[in-house]
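Shown next, in structure tokens, is the structure this report addresses.
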């Protein structure tokens, strides 16, 4: 699979972190950052990252909990595991994005390949709403927490103005923020760091 991660969530995904059992963390990227570039042929490359005061094992459990993403990410209507193996899965996801107050449903069927607690590569195999959609999530242990990096390449089938840089930028920032909030929520649970030691 081409190495470059799940965008749709609106894989669309900060709280102030003050919790028992969670170490203080003041990294340079507490708020998710993202950037978008377009290659002139309609393929958008989206890169984003954030740091979170949570162990890599916890961050991994959020990212790889594919069947729970629909419950945790507001813009994701559903996320269903169709098939799974020890380090791979086929995941059907449906998200709703809003453009000028009008809802638009987006569907992907992601072939997911995992390098446990380090990396998730994905690619849309259905190509229903995207001609191209593939990417990766990458986790890196850092002092006081985890750095999460996201890269995706996407070319929507619909050639309409709202699928542009600002659409992808807003979507990815929302997705990263939602995922980070969920990681922080779980990290504040008693013993999150004790069990990771």
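Numerical summary
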{"quantity": "Within the range 55-67, considering residues that are in contact with a strand residue (DSSP E or B) (Cβ under 6 Å, 6 or more places away or on another chain) and surrounded by fewer than 22 Cβ atoms within 10 Å (Cβ to Cβ), the one farthest from residue 187 (Cα to Cα)", "calculated": "67"}
{"quantity": "Every residue from the range 28-67 that is farther than 22 Å from residue 171 by Cβ and outside any loop (DSSP other than H, G, I, E, B)", "calculated": "56, 57, 58, 60, 61"}
{"quantity": "Residue under evaluation residue 86, criteria (1) surrounded by fewer than 13 Cβ atoms within 10 Å (Cβ to Cβ); (2) within 16 Å of residue 123 (Cα to Cα), criterion not met", "calculated": "(2)"}
{"quantity": "Scope the range 100-125; condition surrounded by 13 or more Cβ atoms within 10 Å (Cβ to Cβ) and either under 14 Å from residue 78 (Cβ atoms) or at pLDDT below 85 (or both); matching residues", "calculated": "104, 106, 107, 108, 109, 110"}
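Yes/no matrix, rows are residues, columns are (1) at pLDDT 80 or above; (2) surrounded by fewer than 22 Cβ atoms within 10 Å (Cβ to Cβ):
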site: 151; (1), (2): yes, yes
site: 160; (1), (2): no, yes
site: 172; (1), (2): yes, no
site: 187; (1), (2): yes, no
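The values are calculated or read from the model by the stated rules, or taken from the named source; none is laboratory data. In this text, all values refer to a predicted model and were calculated from it rather than measured experimentally. For neighbour counting, all protein chains shown are included, and Cβ atoms are generated from backbone atoms with ideal geometry for every residue, glycine included.
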